[in-house]
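Structure first, commentary second.
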Amino acid sequence: MDHTDTAAMPSSADAPPQVDITLDVNDTEHHLRFDSRVTLLDALRDHLGLTGSKKGCDQGACGACTVLADGRRVVACLALAAQYEGRKITTVEALSPNGEPHPVQAAFARHDAFQCGYCTPGQIMSAISLIAEGRATSDEAIGEFMSGNICRCGAYPNIRAAIRDVVAGA
């Protein structure tokens, strides 16, 4: 016996519009069709299988879902995927294509800039953008411009040290 409550199910007239978009993610074009309300994070994780970006608070407050769009930080849980058509999206999966870690990844490992690791992909993506922006000029500046990325384990001193290391060219 089917226990589905059909009265609670939306009719096709109530269904949200579907969109066809092409996302350029990690230098690969992906042609997708989904609900127009799908976030960039859900498109990456659920439609493309790129699970490096984490779903933390789902409110844009923790930064665990940070990716780069045209080199700039984006909190992917608040961004609608359809808004990013034609922009170059970079996720943590693209950082070591030849198996060699990105300099920021290597610095995070050297400085033990993670504990549980849940926030690490977002921290790394944000750090890459911060460095490219030229804003990693002091511990205070690093703290200020990384403040959108929360580490519940409190690895902030090690994260700052890793970023300083990369800026110094170590």
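The values are calculated or read from the model by the stated rules, or taken from the named source; none is laboratory data. These numbers were taken from a predicted model, which means no experiment stands behind them. Note that each Cβ is placed from the backbone with ideal geometry, even for glycine, and that neighbours are counted across all protein chains shown.
Inside region 106-149, residues that are of a type in the set (Val, Ile, Thr) and more than 16 Å from residue 53 (Cβ to Cβ) make up a count of 3.
Considering region 33-66, and only residues there that are among the polar types (S, T, N, Q) and touching a residue at least 40 places away in the same chain (Cβ under 8 Å), the residue that is farthest from residue 93 (Cα to Cα) turns out to be 36.
Look through 99, 134, 122 and report the one residue that is modelled with pLDDT under 95 and not charged (D, E, K, R).
99
Flag: residue 87 does not match the condition of being among the basic types (Lys, Arg) and under 21 Å from residue 118 (Cα atoms). Only one of the numbered conditions (1) outside the structural domain of residue 42 (by TED's automatic domain parsing); (2) on the phi > 0 side of the Ramachandran plot is not met by residue 70, and that is (1). Taken together, 56, 52, 60, 71 contain a single residue that is exposed (fewer than 14 other Cβ atoms within 10 Å of the Cβ) and either within 15 Å of the chain's Cα centre (by Cα) or among the β-branched types (Val, Ile, Thr) (or both), which is 71.
Answer yes or no: is there a residue in region 126-139 that is in contact with a Lys or Arg (Cβ under 6 Å, 6 or more places away or on another chain), farther than 14 Å from residue 63 by Cβ, surrounded by fewer than 15 Cβ atoms within 10 Å (Cβ to Cβ) and not aromatic (Phe, Trp, Tyr). So far as region 126-139 goes, yes, one or more of its residues are in contact with a Lys or Arg (Cβ under 6 Å, 6 or more places away or on another chain), farther than 14 Å from residue 63 by Cβ, surrounded by fewer than 15 Cβ atoms within 10 Å (Cβ to Cβ) and not aromatic (Phe, Trp, Tyr).
Being outside any loop (DSSP other than H, G, I, E, B), touching a helix residue (DSSP H, G or I) at 6+ places or on another chain (Cβ under 6 Å) and of a type in the set (S, T, N, Q), is that true of even one residue in region 39-56? Looking through region 39-56, none of the residues is outside any loop (DSSP other than H, G, I, E, B), touching a helix residue (DSSP H, G or I) at 6+ places or on another chain (Cβ under 6 Å) and of a type in the set (S, T, N, Q).
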